[in-house]
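Here is the structure we will look at, set down as structure tokens.
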Amino acid sequence: MTLLLTIDEPVWERNVYRHFEALGERLIPVVKGNGYGLGRRFLAEYVAGPAVGHPAPVAVGTVFETADVVDVAAEVLVLTPTFDEHLDGLAPNVTLTVGSPEQIRHLIDVGWRGPVVAKLVSSMLRHGLAGPVADDRLDVVAYAVHPPLTLRSGDHLAEIEQIAAGLPVEAEVHVSHLGIDEFLDLTRRRSDRTWKLRLGTALWHGDKSALH
């Protein structure tokens, strides 16, 4: 059986615009996997186009997904830590993620010189560091907090703030699983640091009436 996805483009774009208008450069669009059914390349090109109004980064799932988007995205953040031995072929606009001491050691051992986002442990208990990265051989440009979907929105905020409290105030923090209003509330209350919001499902599938 063949399935055909039909998109009501004005409705779909209205939801996407709403997020970019509210968040601006604080939004990191996630285009991982099959690009939420729309295609990684399609979404990366859309983000890089005039609709957004500024060069925006995108986040992909793995190092293998970077090949589709590095030539159109301003920056490509890889969400899943890698133990790949051959990282010298990655484009200079790729940022990797680490979430354990072993992953830190691996990037140092293979000579990675690019930027890194350090993922902190949350109640999701997937992978994550207990605190700031002390090894200055890595260029840590931000930290990430990824709470589980099962929490209520207020609990997401509480956990994010609790974890971020252990970081230097100048550290940029990437967060997930917050809506626009929750994120803006967080940035107003904690305006002493730089926050960015990584969004995939809410950004691309936020108005399901656009998808048939």
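A compact table of results
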item: Filtered residue count, segment 85-99, keeping only those that are assigned to a loop (DSSP other than H, G, I, E, B) and either in contact (Cβ under 8 Å) with a residue 60 or more places away in the chain or crowded, with 16+ Cβ neighbours inside 10 Å (or both); result: 4
item: Candidate set from segment 105-126 (those that are of a type in the set (V, I, T) and more than 19 Å from the chain's Cα centre (by Cα)); member that is most open to solvent (accessible area, probe 1.4 Å); result: V110
item: Qualifying residue in segment 3-25 (condition: charged (D, E, K, R) and surrounded by 17 or more Cβ atoms within 10 Å (Cβ to Cβ)); result: no
item: Residues within segment 30-62 that are surrounded by fewer than 20 Cβ atoms within 10 Å (Cβ to Cβ) and either part of a helix (DSSP H, G or I) or more than 14 Å from the chain's Cα centre (by Cα) (or both), tallied; result: 16
item: Residue in segment 155-177 that is of a type in the set (S, T, Y) and in contact with an Asp or Glu (Cβ under 8 Å, 6 or more places away or on another chain) present; result: no
item: Filter pass, E161 being assigned to a helix (DSSP H, G or I) and either surrounded by fewer than 16 Cβ atoms within 10 Å (Cβ to Cβ) or over 17 Å from the mean Cα position of the chain (by Cα) (or both); result: yes
item: Failed condition for V169, given (1) open to solvent by less than 50 Å² (accessible area, probe 1.4 Å); (2) of a type in the set (A, V, I, L, M, F, W, C); (3) in a loop (DSSP other than H, G, I, E, B); result: (1)
item: Yes/no for V141 being under 15 Å from the mean Cα position of the chain (by Cα), open to solvent by 60 Å² or more (accessible area, probe 1.4 Å) and either modelled with pLDDT of 95 or more or not aliphatic (A, V, I, L, M) (or both); result: yes
item: Hits in segment 59-97 (condition: among the acidic types (D, E) and either closer than 17 Å to H146 by Cβ or out of contact with any Gly (no Cβ under 9 Å at 6 or more places or on another chain) (or both)); result: D71, E75, D84, E85
item: Conditions (1) surrounded by 14 or more Cβ atoms within 10 Å (Cβ to Cβ); (2) assigned to a loop (DSSP other than H, G, I, E, B); (3) not polar (S, T, N, Q); number of the one not met by G131; result: (1)
item: Residue in segment 189-212 that is farthest from the chain's Cα centre (by Cα), counting only those that are under 12 Å from L38 (Cα atoms) and in a loop (DSSP other than H, G, I, E, B); result: H205
item: Tally of residues being part of a helix (DSSP H, G or I) and either closer than 17 Å to A144 by Cβ or in contact with a His (Cβ under 7 Å, 6 or more places away or on another chain) (or both) across segment 10-29; result: 3
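The values are calculated or read from the model by the stated rules, or taken from the named source; none is laboratory data. Small disclaimer: the values here were computed from a predicted structure and weren't measured. Methodologically, a virtual Cβ is constructed for each residue, glycine included, from the backbone with ideal geometry; neighbour enumeration extends over all protein chains shown. Remember, those area values only see protein heavy atoms, side chains included, never the ligands or the DNA or RNA. Shrake-Rupley method; radii C 1.70, N 1.55, O 1.52, S 1.80 Å.
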